[in-house]
Amino acid sequence: GKAADGGGAGGLVVPEIKFTKLFINGEFVDAASGKTFETRDPRTGDVLAHIAEADKADVDLAVKAAREAFEHGKWPRMSGYERSRVMNKLADLVEQHADELAALDGADAGKLLTLGKIIDMPAAAQMLRYYAGAADKIHGESLRVAGKYQGYTLREPIGVVGVIIPWNFPTMMFFLKVSPALAAGCTIVVKPAEQTPLSALYYAHLAKLAGVPDGVINVVPGFGPTAGAALSSHMDVDSVSRVAFTGSAEIGRAIMESAARSNLKNVSLELGGKSPMIVFDDADVDMAVSLSSLAVFFNKGEICVAGSRVYVQEGIYDEFVKKAVEAAKNWKVGDPFDAATNMGPQVDKVQFERVLKYIEIGKNEGATLLTGGKPTGDKGYYIEPTIFVDVKSMQEEMTIAQEEIFGPVMSLMKFKTVEEAIEKANCTKYGLAAGIVTKNLNIANMVSRSVRAGTVWVNCYFAFDPDAPFGGYKMSGFGRDQGMVAMDKYLQVKTVITAVPDSPW
Ligand code: ADP
């Protein structure tokens with residue numbers, strides 16, 4: 001993969017873009033309407049590419065192809081071992097093209113190129129290989145049924161799976177969903193986010209090279225209310241999974257409603273978070289500060305598990321605040337293709353304005369802005385790492401302590417007792433993740449059990465593993481990704497009972 005210098009973008013490196021059409025039934029095709037939409041480079045706001053825009057007619061074609069591949073194709077019928085070989089080959093191809101793919105996500109989403117190469121791409125390959133390993137270990141149970149019968153269960157692929165993904169981790173989100181679905185023998189229609197369609201189209205191409213049969217993976221870039229809604233309301237889609245963060249709960253409700261109104265398809269939703277980071281007095285302050293800064297500034301705060309509420313115990317609060325401000329000032333904002341950069345631009349103008357709006361709300365509601373709070377750079381969607389103190393998160397709730405900002409904005413709060421920390425940590429509608437920093441084992445264990453969140457990180461953050469189930473409590477969603485438990489979303493259980501009339505037992 002070569003990266004060409006896109007002189008038009010002011011000397012920035014702009015990767016070559018090879019795939020811009022819909023991928024349906026193994027072919028790149030134009031949208032039925034002939035329409036396209038623009039995907040932009042958040043470093044400049046300039047158009048990167050014109051992408052074929054899927055609407056209902058295209059989603060119908062993609063679902064038809066997926067249905068045909070499921071009902072009559074070989075993918076669900078081949079052995080798990082054969083599927084695993086194809087998946088492993090796809091993992092190899094992802095690795096071989098890692099530099100080019102990291103550059104695509106970098107230019108499309110403003111993500112750091114270096115981290116794309118060493119985190120996103122290897123994680124995608126690892127996810128594929130993890131579930132490739134599961135593909136030949138899908139089995140049911142034998143049942144001791146009362147009377148003269150015997151029984152067993154089969155675990156069968158659920159069928160055609162619709163996947164609607166967001167823009168913050170275009171690669172990891174794609175493989176988080178596609179890998180277990182492939183292992184299960186499902187066929188798939190992916191709608192990538194309209195902000196970041198580039199890498200998903202590339203994966204469609206690689207899947208074909210790896211030997212994934214036509215119709216098994218289809219990719220239909222387009223907008224939520226059109227292409228996304230067509231998928232969730234489709235009569236011939238068996239399961240739909242949507243990951244979304246900053247949207248209102250209304251869209252999640254709309255998807256469940258359209259699933260219910262159409263064919264009662266299985267739904268899983270992963271929504272936002274407002275994850276607490278709880279730092280106790282005994283913590284090493286430097287370590288706690290660097291973990292907390294990473295937790296909220298990593299990927300410009302555009303991460304569902306961002307530790308956006310930081311609760312610090314009173315004994316170290318002042319020192320923590322001072323050092324956190326220093327860390328924020330040292331968190332280098334700039335071109336995500338520059339290896340010295342810690343944080344690139346927000347994904348698009350909408351998110352950029354949304355984050356700035358939340359910063360205004362924070363100021364207006366009486367929180368104290370200690371650092372950051374402004375756009376930076378003369379073009380593009382860059383925002384300074386921002387820290388608020390005097391944030392109220394209980395009696396007088398402040399919006400910035402309740403709503404997901406999805407930007408580099410830390411709300412710092414003080415607490416006295418462990419009980420108070422637990423109560424405050426749990427005082428949002430979300431429950432995706434939580435961080436705890438302490439050397440006290442008893443506190444760590446007690447708080448881990450008491451926090452209502454799907455993942456708890458003790459003395460670490462963002463420690464992900466394909467084998468570690470991930471998902472939300474409360475309004476952060478339902479269903480789990482990763483781990484063997486995620487296979488259940490793509491399989492259904494069939495019970496077979498056979499009469500054994502002559503059994504003497
Ligand atoms: P958020 O900002 O909450 O992450 P987005 O609006 O970016 O939400 O949506 C995440 C994904 O959900 C995208 O792929 C988007 O196109 C899709 N989406 C948005 N609205 C709908 C809808 N009404 N039905 C189905 N999918 C939708």
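Criterion first (crowded, with 16+ Cβ neighbours inside 10 Å and among the hydroxyl-bearing types (S, T, Y)) does T438 satisfy it? Yes. Taken over the stretch 43-92, the criterion of being part of a helix (DSSP H, G or I) and charged (D, E, K, R) is satisfied by K56, D58, D60, K64, R67, E68, E71, E82, R83, R85, K89, D92.
Yes or no, residue by residue, for (1) at pLDDT 95 or above; (2) over 21 Å from D348 (Cβ atoms); (3) touching a helix residue (DSSP H, G or I) at 6+ places or on another chain (Cβ under 7 Å); (4) not aromatic (F, W, Y):
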| residue | (1), (2), (3), (4) |
| --- | --- |
| A244 | no, no, yes, yes |
| I255 | no, yes, yes, yes |
| A259 | yes, yes, yes, yes |
| N263 | yes, yes, no, yes |
| G272 | no, no, no, yes |
| D282 | yes, yes, no, yes |
| V285 | yes, yes, yes, yes |
| V289 | yes, yes, yes, yes |
| V296 | yes, no, no, yes |
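Are there any pairs with C-beta distances below 8 angstrom linking a residue in the stretch 369-381 that is closer than 11 Å to F352 by Cα to a residue that is part of a loop (DSSP other than H, G, I, E, B) and aromatic (F, W, Y), with the two at least 6 apart or on different chains, and if so which? Within 8 Å, the pairs are P375/Y381.
Here is a check on your reading of the model: is G479 over 30 Å from E353 (Cα atoms) and at pLDDT below 95?
On the way: over 30 Å from E353 (Cα atoms): yes; at pLDDT below 95: yes.
Considered against the rule, which asks whether it is over 30 Å from E353 (Cα atoms) and at pLDDT below 95, G479 comes out as yes.
Sub-7 Å Cβ pairs linking a first residue in the stretch 344-364 that is touching a residue at least 12 places away in the same chain (Cβ under 8 Å) to a second residue that is assigned to a loop (DSSP other than H, G, I, E, B) and surrounded by fewer than 16 Cβ atoms within 10 Å (Cβ to Cβ), at least 6 apart or interchain, are K349/G45, ordered by first then second residue.
So which of V178, V161 ends up being away from the ligand (no atom under 14 Å from the Cβ), part of a helix (DSSP H, G or I) and in contact (Cβ under 8 Å) with a residue 24 or more places away in the chain? Walk me through it before giving the result.
Working: V161 fails: part of a helix (DSSP H, G or I).
On inspection, the qualifying residue turns out to be V178.
Checked against (1) crowded, with 23+ Cβ neighbours inside 10 Å; (2) at pLDDT below 95, A146 passes all but condition (1).
Of all the residues in the stretch 456-479, those that are surrounded by 21 or more Cβ atoms within 10 Å (Cβ to Cβ) and part of a loop (DSSP other than H, G, I, E, B) number 5.
Does the stretch 270-316 hold any residues that are part of a loop (DSSP other than H, G, I, E, B) and either polar (S, T, N, Q) or under 25 Å from G106 (Cβ atoms) (or both), and which are they? It would help to see each step written out before you state the result.
Kept after step one, since they are part of a loop (DSSP other than H, G, I, E, B), are these residues of the stretch 270-316: 271-275, 280-284, 302-308.
G272, G273, S275, E302, I303, C304, V305, A306, G307, S308, listed by residue number.
Residue count for the stretch 212-229, restricted to those that are outside any loop (DSSP other than H, G, I, E, B) and under 25 Å from L491 (Cβ atoms): 4. If you go through the stretch 235-254 one residue at a time, how many are crowded, with 18+ Cβ neighbours inside 10 Å, more than 13 Å from the ligand (Cβ to nearest atom) and either among the hydrophobic types (A, V, I, L, M, F, W, C) or in a loop (DSSP other than H, G, I, E, B) (or both)? Count: 1.
Say we look at the stretch 152-187 and pick out the residues that are crowded, with 24+ Cβ neighbours inside 10 Å and in contact with a Lys or Arg (Cβ under 6 Å, 6 or more places away or on another chain); which of these is farthest from V500 (Cα to Cα)? Result: I164. If you go through the stretch 462-485 and pick out every residue that is more than 27 Å from V296 (Cβ to Cβ) and not β-branched (V, I, T), you end up with 1.
Residues in the stretch 164-173 that are more than 9 Å from the ligand (Cβ to nearest atom) and out of contact with any Ser or Thr (no Cβ under 7 Å at 6 or more places or on another chain): F169, M172, M173. For the criterion of being crowded, with 22+ Cβ neighbours inside 10 Å, away from the ligand (no atom under 16 Å from the Cβ) and within 30 Å of L269 (Cβ to Cβ), G372 fails.
One residue alone among E257, E319 is over 26 Å from G185 (Cα atoms) and either away from the ligand (no atom under 13 Å from the Cβ) or assigned to a strand (DSSP E or B) (or both), and that residue is E319.
Return the residue satisfying two criteria in turn: it lies in the stretch 193-209 and is assigned to a helix (DSSP H, G or I) and not small (G, A, S), and of such residues it is farthest from the ligand (Cβ to nearest atom). Can you show your working first?
Step one: of the stretch 193-209, the residues assigned to a helix (DSSP H, G or I) are 198-209.
So of that shortlist, the ones also not small (G, A, S) come out as 198, 201-203, 205-206, 208-209.
Working: L198: 14, L201: 14, Y202: 17, Y203: 15, H205: 20, L206: 21, K208: 23, L209: 25 Å.
Restricting to residues being assigned to a helix (DSSP H, G or I) and not small (G, A, S), the top hit is L209.
Let me confirm something: among V212, V220, V190, which residue is away from the ligand (no atom under 12 Å from the Cβ) and surrounded by 24 or more Cβ atoms within 10 Å (Cβ to Cβ)? Step through it out loud before you land on a result.
Numbers: V220 fails: away from the ligand (no atom under 12 Å from the Cβ); V190 fails: away from the ligand (no atom under 12 Å from the Cβ).
Selected residue: V212, the only one of V212, V220, V190 that is away from the ligand (no atom under 12 Å from the Cβ) and surrounded by 24 or more Cβ atoms within 10 Å (Cβ to Cβ).
A single member of F388, F352, F337 is of a type in the set (F, W, Y) and either assigned to a loop (DSSP other than H, G, I, E, B) or in contact with a Cys (Cβ under 7 Å, 6 or more places away or on another chain) (or both), and it is F337.
The values are calculated or read from the model by the stated rules, or taken from the named source; none is laboratory data. Nothing here was measured: the structure is a model prediction, and the numbers come from that model. All Cβ positions, glycine included, derive from the backbone under ideal geometry; neighbour counts span all protein chains shown.
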